[in-house]
Amino acid sequence: MKLLLVEDDAALAAEILRVLRAENCAVDHARDGEDGAHLGDTETYDAAVLDLGLPKRDGIAVLQGWRAAGRTLPVLILTARDAWSDKVAGFKAGADDYLVKPFRVEELVIRLRALVRRAAAHGATTVTCGPVSFDPGLGAFTRDGLPLKLTALEWRVLSCLILRRDGVVPRGELLERVYEGDAEVDSNSVEVIITRLRRKIAPARIETVRGHGYRLTAGEAS
């Protein structure tokens, strides 16, 4: 998953980033509402984790701005405000889920995966393409029923492709979803990852669609 975290508590943000990155997620972090609003308006994310009590712009205002602009990314509000009125305000502003501090980061991961799965309209437990299966709720890949060992970058690329199986994923979209905003990206890095994945998932096939991007199919490799 490519995620946006908008959280001004440095210690909490560091812990969330550590756990999410260990789960193979790419995460951009904004420390105030203005930066968070800008990232949500200009970048592509699978979901956002949004604090309410933010410097410069309150989380509710950030969320209202995204929804008014037609941004449909799933948003999980993360806040110490536990009053019913605060929850109502969050959901009315367009939140998809609400988690009150203190919380277990593992629960945050589970909720985010559920939001992304629903947003992608994949109600089934697993998504399958040839011998490769993906459980979005667990974030687990298998090949022929056995666990598929992937690096973090390979996991991110393959998850993008399998959730759009048989459809073309533009190269630029892969770059946006795989790498964090401040990462230095080699122009050939996606091709290197694709080459490694082709060996690991055969006979499922990753096709290069020249001038457009890549497509995952279940067909035998030629």
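Here are the numbers:
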quantity	calculated
Single residue of the range 126-152 satisfying the filter (within 16 Å of residue 114 (Cα to Cα) and without any contact (Cβ under 8 Å) to a residue 12 or more places away in the chain) that is least open to solvent (accessible area, probe 1.4 Å)	135
Count of the range 191-210 residues which are outside any strand (DSSP E or B) and either open to solvent by 80 Å² or more (accessible area, probe 1.4 Å) or more than 20 Å from residue 149 (Cβ to Cβ) (or both)	4
Flag for residue 115 being buried (at least 18 other Cβ atoms within 10 Å of the Cβ), under 27 Å from residue 155 (Cα atoms) and in contact (Cβ under 8 Å) with a residue 60 or more places away in the chain	yes
Odd one out for residue 83 among (1) over 29 Å from residue 150 (Cα atoms); (2) of a type in the set (A, V, I, L, M, F, W, C); (3) in contact with a Ser or Thr (Cβ under 9 Å, 6 or more places away or on another chain); (4) at pLDDT below 90	(3)
Test: residue in the range 11-34 that is outside any helix (DSSP H, G or I) and basic (Lys, Arg)	yes
Scan of the range 25-57 for residues that are open to solvent by 10 Å² or more (accessible area, probe 1.4 Å) and in contact with a Lys or Arg (Cβ under 6 Å, 6 or more places away or on another chain), ordered by number	32, 34, 45, 46
Condition broken by residue 77, with the remaining ones in (1) closer than 21 Å to residue 59 by Cβ; (2) of a type in the set (Val, Ile, Thr); (3) touching a Phe, Trp or Tyr at 6+ places or on another chain (Cβ under 6 Å); (4) not in a strand (DSSP E or B) satisfied	(4)
Filter result (more than 20 Å from the chain's Cα centre (by Cα) and part of a strand (DSSP E or B)) within the range 80-100	100
Of all residues making up the range 38-75, the number that are aliphatic (A, V, I, L, M) and more than 25 Å from residue 170 (Cα to Cα)	9
Matching residues in the range 153-189 - criterion: being modelled with pLDDT of 85 or more, surrounded by fewer than 17 Cβ atoms within 10 Å (Cβ to Cβ) and among the aliphatic types (A, V, I, L, M)	168
Every residue from the range 60-84 that is small (Gly, Ala, Ser) and touching a residue at least 24 places away in the same chain (Cβ under 8 Å)	61, 65, 69, 80
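The values are calculated or read from the model by the stated rules, or taken from the named source; none is laboratory data. Being a predicted model, the structure only gives us computed values, none of them experimental. Counting neighbours? That spans all protein chains shown, and the Cβs are built from the backbone with ideal geometry, glycine included. Quick note on the areas: whole protein, heavy atoms, side chains included, nothing else; ligands and nucleic acids left out. Shrake-Rupley method; radii C 1.70, N 1.55, O 1.52, S 1.80 Å.
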